[in-house]
1. For the stretch 79-174, which fully contained helices (runs of 4 or more DSSP H) count at least 3 residues that are at pLDDT 95 or above and surrounded by 17 or more Cβ atoms within 10 Å (Cβ to Cβ)?
2. Sort out which residues of the stretch 98-126 are of a type in the set (Phe, Trp, Tyr), without any contact (Cβ under 8 Å) to a residue 24 or more places away in the chain and under 20 Å from LYS56 (Cα atoms), and write them in order of number.
3. May I ask you to say which residue of ILE143, ILE129 is more than 29 Å from ALA33 (Cα to Cα) and touching a residue at least 24 places away in the same chain (Cβ under 8 Å)?
4. It is to be established whether one or more residues within the stretch 36-59 are under 30 Å from HIS156 (Cβ atoms), surrounded by 15 or more Cβ atoms within 10 Å (Cβ to Cβ) and more than 16 Å from the chain's Cα centre (by Cα).
Amino acid sequence: MEHLSFTEQLRTFSINEHGETATITTIRSFLLAIFIIGLLGTGAELFLLEHTEDVKQWIPLILMSLSLVVIGWRALDRGPASMRVFQATMLLFVISGFVGLFLHYQGNVEFELEMYPSLKGLELFRKAIKGTTPPTLAPGTMIQLGLIGLAYTYRHPVFVKSTGKKSNHNGEMK
């Protein structure tokens, strides 16, 4: 196993002007890339599935479009306001995901009761949760994307900069 010199070891912990290590900055970049890839893939899938029948079905598509606008704003304005709006949008993603889970489940319960009017209890729950029209757990993607977006913003340097505090190597404020 190769040993790094003291100078080489220090370089691996280099801190940028915002008080973040290169590793944290790289992870943050990967989180944003994963978010955007997931966003574009999920948005394309919703359009291909024609998830546009009523207003409720437009909510994830509107939120996805909003997040792209906010990311564009963030690219132009690196201040805390754009990041706070991005965080708020991610919270809306998470909330919409839970609402979507409920609506998809409710739709599947109605479908199962039309097919099997005597169904109830655990058997109804099991059939509804396994339903594919609409897929009950699909809105969980919105929750996942929202959490990835929130992870991207966690202790973001723009907030440290706006408070005038610096963080140490452990990400703690000093």
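The values are calculated or read from the model by the stated rules, or taken from the named source; none is laboratory data. Because the structure is predicted, anything quoted here is derived from the model rather than measured. Cβ coordinates were reconstructed from backbone atoms using ideal geometry, including for glycine residues, and neighbour counts include every protein chain displayed.
1. Details: elements: 80-115, 121-129, 140-153, 157-163.
The helices (runs of 4 or more DSSP H) meeting that bar are 80-115, 140-153.
2. Taking the stretch 98-126 as the starting set, the residues that turn out to be of a type in the set (Phe, Trp, Tyr) are 98, 102, 105, 111, 116, 125.
Narrowing further to those that are without any contact (Cβ under 8 Å) to a residue 24 or more places away in the chain: 102, 111, 116, 125.
Answer for the stretch 98-126, where residues must be of a type in the set (Phe, Trp, Tyr), without any contact (Cβ under 8 Å) to a residue 24 or more places away in the chain and under 20 Å from LYS56 (Cα atoms): PHE102, PHE111.
3. Values: ILE143 fails: more than 29 Å from ALA33 (Cα to Cα).
Result: ILE129 is the single residue among ILE143, ILE129 that is more than 29 Å from ALA33 (Cα to Cα) and touching a residue at least 24 places away in the same chain (Cβ under 8 Å).
4. So in the stretch 36-59, the residues under 30 Å from HIS156 (Cβ atoms) come out as 36-46, 58-59.
Subsequent filtering for residues that are surrounded by 15 or more Cβ atoms within 10 Å (Cβ to Cβ) retains 36, 38-39, 42-43, 46, 59.
Those left that are additionally more than 16 Å from the chain's Cα centre (by Cα): 46.
Yes - at least one qualifying residue is present in the stretch 36-59.
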